[in-house]
Amino acid sequence: DIQMTQSPSTLSASVGDRVTITCRASQNINIWLAWYQQNPGKAPKLLIYKASSLESGVPSRFSGSGSGTEFTLTISGLQPDDFATYYCQQYNDYSWTFGQGTKVEFK
Amino acid sequence: QVQLQQSGPGLVKSSQTLSLTCAISGDNVSSTYAGWNWIRQSPSRGLEWLGRTYFRSKWYSDYAVSVKGRISISSDTSKNQFSLQLNSVTPEDTAVYYCARDDAGFDYWGQGTQVTVSS
């Protein structure tokens, strides 16, 4: 299986901050990466697909970049609703895997 | 608007079979562009994709290595739904189970079902 490693595991930030989360794949996954946001007790919500494509209805302050093995999710101007846990997920091969998650908490 | 509605028991005994169903509205299980997935989440294992079924002129299934040999995902076109069967469960299979559609990422999810495996 392809291993996905996110950093940091926890991130302390304030409203208005620019936040960046990194996801590294154990092998080349081209651009086959998605990002999700999850709030407690809820299903994950798709934010970004194909590494940098914004899902319909997702605010433009969310952006994704990268290809190959290194990817980033950036939130430009953190809003109160953005304090949540974020996951990356690869869909390059026939066995898909998630990162371990990054919790964005109030500073 | 696509909606996925999960059903199935929340308590399963060790060594028995976990069975869940996901009813689809707003899309078709025989779609030739989407896939239909089962994913689970637990504190110890995080988010874990279990497998999927999809139709591309014929039916296919892919499964995670971690559950291969114990899992089956099938579709029922007459009811527009798909199902998960996980055999020989242990307490390690205790998790919240989700169904989800994939179309370049998991864009629609079921509500989640807490499944507890009792020893």
Subject >> Test for A:S26: is it at pLDDT below 95, hydroxyl-bearing (S, T, Y) and either in contact with a strand residue (DSSP E or B) (Cβ under 8 Å, 6 or more places away or on another chain) or surrounded by fewer than 17 Cβ atoms within 10 Å (Cβ to Cβ) (or both) >> reply: no
Original post:
Looking only at the range A:55-66, which residues are open to solvent by 70 Å² or more (accessible area, probe 1.4 Å) and either within 20 Å of A:D1 (Cβ to Cβ) or within 14 Å of chain B (Cβ to nearest Cβ) (or both)?
Top reply: A:S56, A:G57
**OP:** Provide a single number: the residues in the range A:29-44 that are open to solvent by 10 Å² or more (accessible area, probe 1.4 Å) and more than 15 Å from A:V104 (Cα to Cα).
**Re:** 6
Subject >> Residue list for the range B:1-13, restricted to those being surrounded by 13 or more Cβ atoms within 10 Å (Cβ to Cβ) and closer than 12 Å to B:D93 by Cβ >> reply: B:V12
Subject >> Subset tally (residues that are within 14 Å of chain B (Cβ to nearest Cβ) and not in a strand (DSSP E or B)) for the range A:1-25 >> reply: 4
Subject >> One residue from A:K50, A:K42 being in contact with a strand residue (DSSP E or B) (Cβ under 8 Å, 6 or more places away or on another chain) and either modelled with pLDDT of 95 or more or not acidic (D, E) (or both) >> reply: A:K50
**OP:** Scan the range A:70-107 for residues that are outside any strand (DSSP E or B), open to solvent by 60 Å² or more (accessible area, probe 1.4 Å), more than 14 Å from A:L47 (Cβ to Cβ) and away from chain B (no Cβ under 14 Å) and jot them down.
**Re:** A:P80, A:K107
**OP:** Collect the residues in the range B:57-90 that are more than 11 Å from the chain's Cα centre (by Cα) and either within 13 Å of chain A (Cβ to nearest Cβ) or acidic (D, E) (or both), keeping them in residue-number order.
**Re:** B:Y60, B:S61, B:D62, B:A64, B:V65, B:S66, B:V67, B:K68, B:D76
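Residue check: is B:D107 among the charged types (D, E, K, R), modelled with pLDDT of 95 or more and not in a strand (DSSP E or B)?
No; evaluated as a whole, the condition is false for this residue.
The values are calculated or read from the model by the stated rules, or taken from the named source; none is laboratory data. These figures come from a predicted structure and were not determined experimentally. Backbone-built Cβ (ideal geometry, glycine too); neighbour counts: all protein chains shown. Note: areas computed on protein heavy atoms with side chains; ligands, DNA, RNA excluded. Shrake-Rupley method; radii C 1.70, N 1.55, O 1.52, S 1.80 Å.
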